[in-house]
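What follows is a short report on a single structure.
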Amino acid sequence: MSKKITGTLIWYYYICPREVWLMAHEFDACQDNYFLEMGRFLGEQSYSREKKEIEIGNIKIDLLKRDGKKIVIGEVKKSSKFESSAKMQLAFYLYRLKQAGIRAEGELLIPKEKKKIPVVLNSNTEKELEKAMDEITKIISSETPPEPKKIRFCSKCAYGEFCWV
Ligand code: SF4
């Protein structure tokens, strides 16, 4: 399994495989993109009091806290629109932590919607993640990106200029 796989790639895998390739190959996304800005803003402001961003290997966790004896990690998103992708991203962090001998639970945090969605790692999720990681490895090993496919995310995607002229 590639060490290059990050939580962000997992998130994009469930949205658009072409974006996985572009991101992994370090194509510069448009930094003015409103949604990137919003994501940064929500990450930096909404949970600033309990925020403890940590990095373990190539994973970056938005929040880490103790809840009694439990370790809980949080991932902040701007909306629940892509909830299943966000859950898999968080599950990937739990998976990586488990590999490092750390058992944790996850919380998907959507401050604008005042939502806190619990995420736990179970055997089905682990299998699903392993399949996704294999697929991502195949995508990023390819010399060319998958063809673009119009999806609803395209209008908000910072890579639009690489797909649609
Ligand atoms: S613009 Fe659309 S097809 Fe292109 S990378 Fe973004 S989501 Fe994928």
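Observations, loosely collected:
- Greater than 23 Å apart at Cα, pairs in 81/149; 4/114; 65/98; 112/156; 78/98: 4/114; 78/98
- Computed label-point distance, nm, for sites residue 27 and residue 69 using a 7 Å Cα→Cβ extension: 4.9 nm
- Full extension of the chain between residue 138 and residue 83 yields a length gain of 17.4 nm, computed as 0.36 nm times the residue separation minus the alpha carbon distance.
- Phi angles of the stretch 98-104 translate, via the Karplus equation with coefficients 6.51, -1.76, 1.60 and θ = phi - 60°, into HN-Hα couplings of 4, 4, 8, x, 10, 8, 9 Hz per residue; Gly and Pro are given as x.
- Placing a pseudo-label 7 Å from each Cα along the Cα-to-Cβ vector at residue 123 and residue 161 gives an inter-label distance of 4.9 nm.
Every read-out reported here was derived from the displayed coordinates using simple, explicitly stated rules and does not represent laboratory data. Bear in mind the structure is a predicted one, so any value in this text is a computation, not a measurement. Glycine gets a Cβ as well: all are built from the backbone with ideal geometry, and neighbour counts include every protein chain shown.
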